[in-house]
Amino acid sequence: MAPLIDDDPRIIEFDVRTDEMLVNMGPQHPSTHGVLRLVLRTDGEIVSEVEPHIGYLHRCAEKIGENLTARQWIPYTDRMDYLAAMNMNLGWSLAVEKLMQYQVSERARHLRVLIAEMGRIASHLVGMGAYGLDLGTFSPFLYAFREREKILDLFEEACGARLTYSYITVGGLTADLPHGWLRKCEEFLDQFEPIIQEYHALLTTNAIFVKRTAAIGVMSPELAIEYGCSGPVLRGSGVDQDMRRDGESIYTAMYEGYAFEVAVMKNGHYPRDHAYPPVPADAILGDCWHRFFVRMLEVVQSMDLVRQSIDRYAACKGPLGEPVKLTEKIPAGDAYLETECPKGQMGFYLVSDGSAIPWRVRARSSSFSNLAVTHELCRGCLIADVPAIVGSLDIVMGEIDR
Amino acid sequence: MRGPGFLEQLEQALPGAVAGSRLDALDPWIEVAPERLVDVCRWLREKSAVRFDAIECITAIDWFEPDPKKAAKVTWQPHTELVYHLWSTASRVSIVLKVNLPRWKGDVPGQLPEVGSVAGVWRGANWHEREVYDLSGVWFVGHPDLRRILCPEDWEGHPLRKDYEQPLEYHGIRGR
Amino acid sequence: MNHLAAVLPSVATPLFAGLLSSPVGVAHYLVVGAILFTAGVVCMALKRNALGVLMGIELVLNGANVNFVAFSSPYLRGEGAASLGLDGQVIALFVILLAAAEAAVALAITLNFYNNHATVDIDRAEDLKG
Amino acid sequence: MADFLINTVGLPEWLAWTVTAFVAAALILNVIAGGALVFIWAERKIAARIQDRLGPTRTGGRFGWLQSLADGIKLLAKEDLMPEGADGMLFRLAPYISFCASFCAFIALPFAFDFVGQRLNVGVFFVVAVLGLEVFGVILAGYASASKWSLFGAMREAAQVVSYEVPLGMCVVVPVMLAGSMDLVTIGEKQAGWFTGWYLFHDPFTFVIFWVYVTCAVASVNRAPFDLAEAESELVAGFHTEYSGLRWSFFFMAEYGSMFLVSALAAVLFMGGWNGPIPVATLLGLSEGTGDTANYFVRLIGCGNLVLKATLGVLLMMWVRWTLPRLRIDQVMTTCLKYCTPIAAAMFAGAMLWQLAFPGGIVRGLSRPAGEIREGWLEGPGGLPVGRGTLMRKSAAAGSSELLAEPLADAKSEAGIDSQNVVQVVP
Amino acid sequence: MMIAVLASSMSMLGSTLLPISGPMAAVNWHSVLFLLFAAVACACAVAVVLADNVVRMAFYLVLSLASTAGLFFLAGAEFVGAMQLMIYVGGTLVLLVFGVMLTAQAPFVAIKTSSSDRVLAGMVGAALLAVLLQAAFRVEPWRRPAVAAEAAPAATPIGMALLGVRVDEPAAGVPAAAVRSGYLLPFEIVSIHLLVVLVGAAYLARAKRRRTPRAIDVAASSVGPVVEARQAARSSASALVSGGGR
């Protein structure tokens, strides 16, 4: 390194110099959302480089998929994003159905929307609570889990499992909803709605929370797109993209007739943002605060969708339909389908040689792409910002490592 | 992506790059000559009418049947197929590129097949290529940092190859 | 040496006799001050680490402070002994303040030295050697 | 107590004093250790209530009273680990240094009039100074652990606590200025009577500076949102990452001890100390000097008062901790240097000017313009100061603003003068 | 030599302690505490010299200085004692340890001194100590045990003195007017000095460095370009039948 002289334009800071230090954040660290290892190169409190190391949770899900039939692989999708297992089931089922060119019944379609959106609420609640935890406040986490528990209760009643559901499956769903479920779901939504204001008071508008998140980890839309980021991470940067609207027809057809607006800032406004706290003055589009806020908006959006789907499902008198056989043969060919999962666009790619067991199974993880951008966001931030940034990406290691 | 017009544009811009295509498939795809892959990708991202600004996924498919009885029945020659799923945020369309590589470079077992890296075109391809290298054993020439990503650094073999055999033990841990 | 050997028992006997029962005087404090001072001087001479030298200086100043306070103390004044009164305490205060200032500057110099030479070994600081 | 032991029990003097010292030490230790037990239990219950759950319910009966005791026993039984490469001696000593600092500061803290380990003439200064020593144990712990996270925690703690001593000192100086003494007992005594006499309500500046004090106190004892040194989401557990078992619990005893200490200090400095909002004892006719038993009774009530106020302060800290996210290190320093310090300085100046303009505070000063004003140094006939006394101003109704001086009773005897000799003081 | 001094003093201590082991009733607590603090202060000061590890040195120094503060309290200089605790122990030494950590290359910094240096320094130190002790014992009145005096608290007089007003009684034999000026000027000088030092130290300790580009600096440009690009692409992509979307 060439010596610096005082009027060198490269010098911007004068500071007490310290030695560079390599620090391991993880794999056992409270705020790495699982077994993620971040190697930080720090100069005092300032992080000059972050390198994520992944793979601690690698379970060869894709290899396993080459030895099971398509329906048998459903439980393995549960364990990818275990916080939104319903959405994972849906993504894989749709990909297989796309290759099989299979059409589920209308009733199943509405039920799938209902379940998937409930799953989204549950996932965003965890994301929100855990983000509070990353910033050092514990209470919102429990508030979020309290409500999530109720969703899990509902799921348990519907399919018997609380975390790994395997409920949505190729050709429909494993079972219809039990009697009285819809009423309980509506009751949940009614009591949940005012609680969102509580979350806004505790986090979104909290001065310290804003200070910790606004203008931190700013991601430009170009950067987000180039890294293949998706979901709230992409929309938090102001890119108007939502697979539920922009995806392939087999997926978008599911949402046909549903009214929803993509939660993204347009002309300085979020959809229906008059009902929510205003964007703080020092927040920049693409920072941690916006990513968080998009999630909060999507909770409301999903509630709306759930209400709509409840009506449609209740009105739909047709049969639910049976799932395909466990050993159903899949036509030769390949199909790739991306669905809008809570964490982002989850893609499933299926190559079949005509037998019941796929030749190749591929899961394109949204968190994988979202995490890859970490080292760009964390350059030059403080150590305390690293959990804030990683937390705002809302990653799930089960999905990244597969 | 259906659109013979687009394919013609590509062929005009980069003659000889397109090795084949199938536009009536479920996901229409274009097969690209391995040595022209980076050029094609750069053209798709920067020059084409539809800017494919995001790379969603890179998949390697190992077309190889280890069971000799079944292998006699298959219609294809053993090869490794790379599938690139690209996406245009602007116009919300996707495109599929396929690249066929030999299973081993020069058919010498153990020599990884090589193809140009597109990490310079989309920075997001970096990790995807690392994953393909790690699990399927394809060497991406020009990749800035091609290391294993999911498996440990000292892991042997590439698990998603069909002839992969799990090691008997790894650092004293029983494998099978 | 001989002188000291002759002096020590004569002065030390009243000092230590009834050490626990009789009140201490200024001399007791002076002994503590002397030990601190000496330790500081030795520390300054001995340590090659710049920060060690700094600590030696602190000890020396502290030893001096003990003396000032002892001379000013209303409790220790023996009959007929002159007292510094308040002045002793005020001087001790100034010493403490200036020691803090000195420590800050010395530390800054050490850091600067460390930045340039990547060491705090003062034996290596010989750039200005003629 | 020593007198009692010597005269009534008949112990030899040295034994009596030793016993007295040990009893006093044991009492303070009890306040810290017992206080820590109670506060940890309270923290669990409060956190649980804030988070919509129950907290400990079974251990030791209905409300889980014995939960912290059970935890303590568990910690005792835990293996005492020390990382390889740690500096053994410093690693082992560090928790005790922290605890000692916390403990020592209690020596000068009055729990009621004369209920004090050692009444120090510079009590406030002593407490603040000793409290600042706690940081040393933390630094040593962080350094000796041979863990980078611990080191980060230690560096943060050092930077933070040293910085916050500046505004904290300024806040503390205001009551000292108003009382004209650094003796905590005197400061408490000055606020006797109704709650309007508290320095909190002395004038608007003291009211503001009280909240600055609260902020700085929370920061200097490392509680959320300033718990940077042990920020669990960033630094795993900061300086005590590598600690386990009893040593770890000593850090916590020190933390809860300090929390109680700064709260008690706030009570003494701003909220009348052991004087309740309503002078119940005085209204009942019980006051200092009524008799030994009455004295003791009054002081016991005062002690309860102070503990209650300090506990309220601790509860406030808990409430804050379970509500707010954590600040970042640069924001913590900004809060200190850009907000707390200037505000404290301005309020200090304001309180000073207020004291000049309306001596006696907002309530007393305005309602009683005449009479006792303040204490000061009196000049004798030769121009030399002769001793402490009270400056009087004749009532405004008398049409004179002349300043009179009257030496205090003890000052008179001390200086060997009587009030006749005292003349005017500089206005 | 040092050992000789120590041995002789130890033997004297032993011989003189024995006779008074009986009448413990006359224990002077001031003396006991003094001995305690003095012993800790001296032992730790020696330990500072003997230790090689800088952090341990700092630790011993803290104990030594804190014990000295205890001595100050015993000597009736409560304000100085508290000041010592606050500034020296709480401030200066924390700063020192900070410096140690900033300059630590290995986890535990220990620059060894050669043993010949040790011997030499020990000899010089012992000689110095002998001279100092001799001086300490030379003046007769100093050795006299103190007259037990109840002293007035010194904090207020010190404060007044620093503001230029002396309210304490002048020392014997000094004319009152001579000490009346107080310490206002030195106080101001020290204040300015501290300020200058603060600025100077901050200036000296800085290091030049290149700024790491922060993510915020390469921050988000607006969404505008993407939206425009999308519109452009939409119109130009009309030739395509997109595989997705509507």
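Out of B:116, B:157, B:120, I need the residue that is within 20 Å of residue B:53 (Cβ to Cβ) and either of a type in the set (A, V, I, L, M) or within 14 Å of chain A (Cβ to nearest Cβ) (or both). Which one? Steps first, answer last, please.
Working: B:116 fails: either of a type in the set (A, V, I, L, M) or within 14 Å of chain A (Cβ to nearest Cβ) (or both); B:157 fails: within 20 Å of residue B:53 (Cβ to Cβ).
That would be B:120, the only listed residue that is within 20 Å of residue B:53 (Cβ to Cβ) and either of a type in the set (A, V, I, L, M) or within 14 Å of chain A (Cβ to nearest Cβ) (or both).
Counted as qualifying within the range D:60-149 are the helices (runs of 4 or more DSSP H) with 3 or more residues that are touching an Asp or Glu at 6+ places or on another chain (Cβ under 8 Å) and either within 20 Å of residue E:63 (Cβ to Cβ) or of a type in the set (D, E, K, R) (or both), namely D:88-105, D:123-144.
Among the residues of the range A:107-129, the ones that are closer than 16 Å to residue A:321 by Cα and touching a Pro at 6+ places or on another chain (Cβ under 6 Å) come to 0 in all. Scanning the range D:30-65 for residues that are open to solvent by 80 Å² or more (accessible area, probe 1.4 Å) and over 24 Å from residue D:100 (Cβ atoms) returns D:44, D:49, D:52, D:53, D:54, D:58, D:62, D:63, D:65. Within the range A:226-251, being open to solvent by less than 10 Å² (accessible area, probe 1.4 Å) and not in a loop (DSSP other than H, G, I, E, B) holds for A:232, A:233, A:234, A:235, A:236, A:243, A:244, A:246, A:251.
Against the numbered list (1) within 14 Å of chain A (Cβ to nearest Cβ); (2) of a type outside the set (Lys, Arg); (3) open to solvent by 10 Å² or more (accessible area, probe 1.4 Å), residue D:284 comes up short only at (1). At least 2 residues being touching a helix residue (DSSP H, G or I) at 6+ places or on another chain (Cβ under 8 Å) and within 23 Å of residue A:335 (Cα to Cα) is the threshold, and among the helices (runs of 4 or more DSSP H) wholly inside the range A:84-180 those reaching it are A:85-100, A:106-134.
In this structure, is residue E:36 assigned to a helix (DSSP H, G or I), at pLDDT 80 or above and surrounded by fewer than 20 Cβ atoms within 10 Å (Cβ to Cβ)? Yes. Screening D:332, D:307, D:320, D:268 for residues that are crowded, with 24+ Cβ neighbours inside 10 Å, assigned by TED's automatic domain parsing to the domain that holds residue D:202 and part of a helix (DSSP H, G or I) leaves exactly one candidate, D:268.
May I ask you to list the residues in the range B:125-151 that are in a loop (DSSP other than H, G, I, E, B) and open to solvent by 50 Å² or more (accessible area, probe 1.4 Å)?
Within the range B:125-151, the first condition is being in a loop (DSSP other than H, G, I, E, B), and the residues that meet it are B:137-138, B:142-151.
Scanning the range B:125-151 gives B:142, B:144, B:145, B:147.
Report, by residue number, each residue of the range A:316-343 that is aliphatic (A, V, I, L, M) and either assigned to a loop (DSSP other than H, G, I, E, B) or open to solvent by 30 Å² or more (accessible area, probe 1.4 Å) (or both). A:320, A:324, A:326, A:330, A:332, listed by residue number. Applying the criterion of at least 3 residues that are of a type in the set (A, V, I, L, M, F, W, C) and assigned by TED's automatic domain parsing to the domain that holds residue D:298 to the helices (runs of 4 or more DSSP H) found wholly in the range D:160-240 leaves D:184-190, D:204-220. The set of residues in the range D:241-265 being part of a helix (DSSP H, G or I) and among the hydroxyl-bearing types (Ser, Thr, Tyr) consists of D:249, D:256, D:258, D:263.
Going through D:105, D:101, D:129, D:141 one at a time, which residue ends up being open to solvent by less than 20 Å² (accessible area, probe 1.4 Å), closer than 21 Å to residue D:219 by Cβ and facing chain E (nearest Cβ under 9 Å)? Write out each step before concluding.
Numbers: D:105 fails: facing chain E (nearest Cβ under 9 Å); D:101 fails: facing chain E (nearest Cβ under 9 Å); D:141 fails: facing chain E (nearest Cβ under 9 Å).
Only one candidate qualifies: D:129.
Per the conditions (1) within 14 Å of chain E (Cβ to nearest Cβ); (2) out of contact with any helix residue (DSSP H, G or I) (no Cβ under 7 Å at 6 or more places or on another chain); (3) over 20 Å from residue A:78 (Cβ atoms), the sole criterion not satisfied by residue A:356 is (1).
Rundown of residues vs (1) modelled with pLDDT under 70; (2) among the β-branched types (Val, Ile, Thr), yes/no style:
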{"position": "C:64", "(1), (2)": "no, no"}
{"position": "C:78", "(1), (2)": "yes, no"}
{"position": "C:87", "(1), (2)": "no, no"}
{"position": "C:90", "(1), (2)": "no, yes"}
{"position": "C:94", "(1), (2)": "no, no"}
{"position": "C:100", "(1), (2)": "no, no"}
{"position": "C:118", "(1), (2)": "yes, no"}
{"position": "C:129", "(1), (2)": "yes, no"}
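Could you check how many residues of the range B:5-34 are among the charged types (D, E, K, R) and surrounded by 19 or more Cβ atoms within 10 Å (Cβ to Cβ)? Break it down into steps so the answer makes sense when it comes.
Narrowing the range B:5-34 to residues among the charged types (D, E, K, R): B:8, B:11, B:22, B:24, B:27, B:31.
Then drop every residue that is not surrounded by 19 or more Cβ atoms within 10 Å (Cβ to Cβ), which leaves B:27.
Adding up the residues that qualify gives 1.
Across the range D:343-356, the qualifying residues are those that are surrounded by fewer than 22 Cβ atoms within 10 Å (Cβ to Cβ) and in contact with a Pro (Cβ under 9 Å, 6 or more places away or on another chain), and the one among them that is nearest to the other protein chains (Cβ to nearest Cβ) is D:345.
Among residues belonging to the range E:65-78 that are assigned to a helix (DSSP H, G or I) and facing chain C (nearest Cβ under 7 Å), point out the one that is surrounded by the most Cβ atoms within 10 Å (Cβ to Cβ). Filtering first and then ranking leaves E:68. Can you tell me which residue is farthest from the chain's Cα centre (by Cα) among those in the range B:35-49 that are within 13 Å of chain A (Cβ to nearest Cβ) and open to solvent by less than 60 Å² (accessible area, probe 1.4 Å)? Top of the filtered list is B:45. Only one of the numbered conditions (1) modelled with pLDDT under 85; (2) surrounded by 14 or more Cβ atoms within 10 Å (Cβ to Cβ); (3) over 22 Å from residue D:116 (Cβ atoms); (4) over 22 Å from the mean Cα position of the chain (by Cα) is violated by residue D:10, and that is (2). For the range A:36-72, filtering for residues that are open to solvent by 40 Å² or more (accessible area, probe 1.4 Å), within 9 Å of chain B (Cβ to nearest Cβ) and under 18 Å from residue B:162 (Cα atoms) leaves 2. Note on the range B:50-93: residues that are part of a loop (DSSP other than H, G, I, E, B) and surrounded by 21 or more Cβ atoms within 10 Å (Cβ to Cβ) amount to 8.
If you check residue A:169 against the conditions, is it touching a Lys or Arg at 6+ places or on another chain (Cβ under 9 Å), among the hydroxyl-bearing types (Ser, Thr, Tyr) and under 30 Å from residue A:68 (Cα atoms)? When the stated conditions are applied, residue A:169 passes them.
With respect to residue A:286, determine if the residue is open to solvent by less than 10 Å² (accessible area, probe 1.4 Å), assigned to a loop (DSSP other than H, G, I, E, B), under 19 Å from residue A:390 (Cβ atoms) and touching a Pro at 6+ places or on another chain (Cβ under 9 Å). Yes; evaluated as a whole, the condition is true for this residue.
The values are calculated or read from the model by the stated rules, or taken from the named source; none is laboratory data. As the structure is a prediction and not an experimental result, all values here were calculated from the model. We place every Cβ from the backbone using ideal geometry, glycine too, and count neighbours over all the protein chains shown. Please note that ligands, DNA and RNA were not included when accessible areas were found on the heavy atoms of the full protein model with its side chains. Shrake-Rupley method; radii C 1.70, N 1.55, O 1.52, S 1.80 Å.
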